[in-house]
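To start, the structure itself, in structure tokens.
The values are calculated or read from the model by the stated rules, or taken from the named source; none is laboratory data. Because the structure is predicted, anything quoted here is derived from the model rather than measured. Quick reminder, even Gly has a Cβ in these numbers, built from the backbone with ideal geometry, and neighbours come from all protein chains shown. In case anyone asks, the SASA skips ligands and DNA or RNA and just uses the protein heavy atoms, side chains included. Shrake-Rupley method; radii C 1.70, N 1.55, O 1.52, S 1.80 Å.
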Amino acid sequence: TLPEREYASGLYESLKYGVIRDTPLFEDFERNIAMFLKRDPEAIERLVAKCAAIKAEVVMADEKESDLRRILNFGHTVGHALEAATKYQRIKHGEAVGYGMIAAARISSSLQKLPEPERARIESAVGSISRLPALQGLNSKAILNALRHDKKVRDGAVHFILPRAIGRVEITPNVPMELLRDVVKGM
């Protein structure tokens with residue numbers, strides 16, 4: 001019953017779980033996106049159950065909130081910066097996460113941590129959910145400034161959750177600011 005943009009926002013968040021921890025879930029998006037978009041009850045029930053199980057597994061394995069739980073922030077570093085730069089007006093949280101997943105995949109690929117075909121698959125999966133809202137008129141300096149003040153900054157360095165492969169991510173500190181600038185401007 002959700003409006004389309006809110007529903008798509010939930011799908012972006014669901015896709016995140018496939019990238020961070022579950023290759024078959026990601027492949028389910030690739031194969032069955034039409035069923036998710038049609039809101040097929042069985043497909044959605046399966047998707048929600050899988051995402052909840054992954055989140056529970058990660059949280060239970062990291063009850064003290066050390067490093068493992070941080071993987072749940074995949075897509076959120078740039079996503080939160082976009083939300084802040086738009087003063088939480090133009091973009092839904094899940095849409096921001098969609099952009100953040102694209103940014104993280106591009107950063108990882110540029111750092112030669114993620115093979116190019118995997119980057120393309122992630123971007124394609126994000127794009128298959130819905131068209132993300134245009135970012136024209138957004139100031140890249142405002143986004144970069146928001147990145148510097150994100151809660152994931154530790155010891156002065158922005159920590160990114162970057163995909164190494166579909167289903168596997170790593171925490172990467174010290175992403176070069178020039179690369180961040182290029183990726184943000186490219187979006």
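Restricting to the range 139-154, count the residues that are at pLDDT 80 or above, more than 9 Å from Ala81 (Cβ to Cβ) and either open to solvent by 40 Å² or more (accessible area, probe 1.4 Å) or in contact with a Cys (Cβ under 9 Å, 6 or more places away or on another chain) (or both). Give the steps one after another, and end with the answer.
Our first condition is that a residue be at pLDDT 80 or above; within the range 139-154, this holds for 139-147.
Cutting the leftovers down to more than 9 Å from Ala81 (Cβ to Cβ) gives us 139-141.
Checking the rest, the ones that are also either open to solvent by 40 Å² or more (accessible area, probe 1.4 Å) or in contact with a Cys (Cβ under 9 Å, 6 or more places away or on another chain) (or both) come to 139, 141.
Number satisfying all stated conditions: 2.
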> Since Val158 meets every condition but one in (1) open to solvent by less than 50 Å² (accessible area, probe 1.4 Å); (2) touching a His at 6+ places or on another chain (Cβ under 7 Å), which condition does it not meet?
Replying inline: (2)
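State whether one or more residues within the range 24-47 are among the small types (Gly, Ala, Ser) and over 28 Å from Leu114 (Cα atoms).
Here is the first cut: in the range 24-47, the ones among the small types (Gly, Ala, Ser) are 34, 43.
Now restrict to residues that are over 28 Å from Leu114 (Cα atoms): 43.
Checking the range 24-47: at least one residue is among the small types (Gly, Ala, Ser) and over 28 Å from Leu114 (Cα atoms).
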>> Taking the conditions exactly as written (modelled with pLDDT under 95 and within 25 Å of Lys141 (Cβ to Cβ)), does Thr86 satisfy them or not?
In response: yes
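Being hydrophobic (A, V, I, L, M, F, W, C) and closer than 17 Å to Val169 by Cα is the filter here, so list the residues in the range 48-69 that pass it.
Initially, the range 48-69 is screened for residues hydrophobic (A, V, I, L, M, F, W, C), giving 48-49, 51-54, 56, 58-61, 68.
Residues satisfying the conditions are Cys51, Ile54, Val58, Val59, Ala61, Leu68.
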> Can you name the condition, by its number, that Ser124 falls short on among (1) buried (at least 18 other Cβ atoms within 10 Å of the Cβ); (2) under 14 Å from the mean Cα position of the chain (by Cα); (3) of a type in the set (S, T, N, Q)?
Replying inline: (1)
> How many residues does the range 84-118 contain that are more than 10 Å from the chain's Cα centre (by Cα) and without any contact (Cβ under 8 Å) to a residue 24 or more places away in the chain?
Replying inline: 7
>> Pairs please, first residue from the range 34-45 and basic (Lys, Arg), second anywhere and assigned to a helix (DSSP H, G or I), Cβ atoms under 9 Å, 6+ apart in sequence or on different chains.
In response: Arg39/Tyr7
>> For the range 161-175: of the residues being more than 18 Å from Ile102 (Cβ to Cβ) and part of a loop (DSSP other than H, G, I, E, B), which is least open to solvent (accessible area, probe 1.4 Å)?
In response: Pro173
